[in-house]
Amino acid sequence: MKKIYLDYASSTPVDERVLDFAKGLLTDNFGNPTTLHSYGLRAKKAVEDAREKVAELINASGDDKIIFTSGATEANNLAILGCALRNISKGKKLAASAIEHISVFNPMKSLSKQGFEFNIIPVDNTGIVKMAVLKEGLGKDTVVTSIMYANNEIGTIEPIKEISQMVHKKGFYLHVDATAAAGKIPIDVQKDDIDLVTLSSSDLYGPQGAGALYIRKGVKVQSVMLGGGQEKGLRSGTENVFAIAGMGEAARIANEEMEEESKRLRKIRDRLIEEILKIDEAYLTGHPDQRLPHHASFRFSRIEGESILLNMDMAHQIQISTGSACSSKTLEASHVLLAIGLKHEEAHGSMVITLGHSNDSEQVPAVVDAVRETVERLRKLSPL
Amino acid sequence: MADIGYSDKVLDHFMKPRNVGTIENPDGYGKVGNPVCGDLMEMYIKVKDGKITDIKFKTFGCGSAIATSSMITEMVKGMEIEEALKVTRGDVADELDGLPPQKMHCSNLAADALHEAIKDYKKRRQNG
């Protein structure tokens, strides 16, 4: 049986072209970008080239900053902690949507112990931020508002342009976690008027271990990592040159191929949704239209998501994801699924499919059959 | 056990659960858990001469909830009910070559469901 990987939102493989481009940096051109000899200069050039390519993916202008980090979690931490603490004189209020990643929530929670106030903005049952509540929740002392471009669990794309207008009218800086959206839909920081953007390499077919924070010109951020002052003083520590160069090349490829690839995946995705929703008591989660083109998310009543994941993997060699509590370390139900109004028992039965390079339309029947078999088998075991 | 997932035994019981189903007119019935928390187990037993002659279960829950339910039915089938009452969650987890730490509560549920079914059997005998 052939494996069918449907969990691209968790991690992407490194694109062969990316690997070919960057692997020399691990072996031959292994220099430290801070050093001045030729090895160092080659490494430095690799990092600077990557910076330009990442900037192009989100249409950043030459005066803006791209700061490389170890990944999206670190970029989110730098954005929230670094921007809030550096601009503390402007105010001590923070806002975030209820479906942000935990690496946005936890820095905000940490700041709330240092006297900041932290306001969670609810979303509607499709996952779209409630604009009226956002408007009410923002004040002239709201220094950082964080709203993701699109959600990884339910695929919903937020109206970022509208949100940025409101944030800039009433508060200060808008941080957008674009980890799930980048490379899937076009992101234009100038058109959308965004101050801070988080990006991740391993969601773009780049290597794990690199991410980036975009910082708009004029937005002041202080460092979280202290040391040798790399990355314009904002991220000390020797650069992960291989992963950064890989991320740059991955961003270049994504920028070039996104339109066509998203169109291709959307077709497969639409068929999967259509077929899977024919299963009894199967429901789509997230927004029906305003959703990432490679993303399909469901819930099934009377069964549990970790069991779905295991059965799909073991019986069918198909890898999916779930927001079920039982699959998490904390055994807590997904805050995203609860935020869109699902009851705990409903959130337990979730299944998330995210498509990518290796998927094609010929896989659709096998996937649908596997989902159907899994749901039927687990329902036979279920007393509900 | 290293926290890297389920043992082969857990996966085997998850994929091929033993003694799934219900028993009509059981001698004892136990139900524990709550779908809100993500797991619900039902255990049915038949008892003859103080021994568990048949046992069936139905479980809504994660892989380890299903595997522990299946495992415990295999362990106690044919066992004296007083012995079966002594089966602990630790015994079930051990038989499965261990469970990830955060999943130990699932083995608790399986033992609880069995004990509830035996208690129900005893109560019925007293009343009957």
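So, in Å, what gap is there between the alpha-carbon centers of region B:83-128 and region B:15-64?
What the calculation gives is 10 Å, centre to centre.
Can you pull the mean other chain C-beta count within 10 Å for peptide A:344-350?
Taking the mean over all residues of the peptide, I get 4.
Determine, from the Cβ-Cβ distance of residue A:49 and residue A:360 and an R0 of 22 Å, the FRET efficiency 1/(1 + (r/R0)^6), rounded to the nearest 0.05.
Numbers: r = 32 Å, r/R0 = 1.47.
That pair, residue A:49 with residue A:360, gives E of 0.10.
Between helix A:160-170 and chain A, what is the angle of the helix's C-alpha long axis to the longest principal axis, kept within 0 to 90° and rounded to the nearest 10?
Result, in degrees: 50.
Counting each DSSP H run of 4 or more residues in chain A as -39500 (n - 2.57), what helix-only mean residue ellipticity at 222 nm follows after dividing by all residues, to the nearest 500 deg cm²/dmol?
Helices in chain A give a 222 nm mean residue ellipticity of -11500 deg cm²/dmol.
Based on the mean of other Cβ atoms within 10 Å per residue, sort peptides A:58-65, A:144-151, A:211-218 so the most packed one is first.
The peptides rank, most packed first, as A:144-151, A:211-218, A:58-65.
Any chance you could give the angle, 0 to 90 degrees and rounded to 10, that helix A:38-57 forms with the longest Cα principal axis of chain A?
60
Could you tell me which residue out of A:156, A:129, A:221 lies farthest along the dipole of chain A toward its positive end? Charges go on the beta carbon: Lys and Arg +1, Asp and Glu -1, centred on the Cα centre.
A:221
Which value, in debye to the nearest 20, describes the size of the charge dipole of the protein assembly as shown about its Cα centre when Lys and Arg Cβ atoms bear +1, Asp and Glu Cβ atoms bear -1, and nothing else is charged?
1180
Highest first, please rank the peptides A:31-37, B:32-38 by the mean number of other Cβ atoms sitting within 10 Å of their residues. Could you put the intermediate results ahead of the total?
Values: A:31-37: 13.9, B:32-38: 18.9.
Packing proxy ranking, top to bottom: B:32-38, A:31-37.
Starting from 0.36 nm per residue, how many nanometres of slack lie between residue A:41 and residue A:124 once their C-alpha separation is accounted for?
24.8 nm
Modelling each spin label as a point 7 Å along the Cα-to-Cβ direction, I'd like the residue B:125/residue A:344 distance in nm, to one decimal.
The two pseudo-label positions are separated by 3.6 nm.
If Lys and Arg each add +1 and Asp and Glu each add -1, what is the summed charge of the other residues whose beta carbon sits under 12 Å from the beta carbon of residue B:116?
Values: positive: B:31, B:119, B:122, B:123; negative: B:42, B:112, B:120.
Value of the local net charge: +1.
Between helix A:241-276 and chain A, what is the angle of the helix's C-alpha long axis to the longest principal axis, kept within 0 to 90° and rounded to the nearest 10?
Helix A:241-276 sits at roughly 20 degrees to that axis.
What FRET efficiency comes out for residue B:51 versus residue A:270 if R0 is 35 angstrom and r is the Cβ-Cβ distance? Round to the nearest 0.05.
Plugging the Cβ-Cβ distance into 1/(1 + (r/R0)^6) gives 0.05.
Work out the mean other chain Cβ neighbour count within 10 Å for the residues of A:303-309 and drop it here as an integer.
5
None of the figures in this text is laboratory data; all of them are computed from the coordinates on show. Here the structure is a predicted model, which means the values were calculated and not measured. Because the Cβ atoms are built from the backbone with ideal geometry, glycine has one as well, and the counts that use them run over all protein chains shown.
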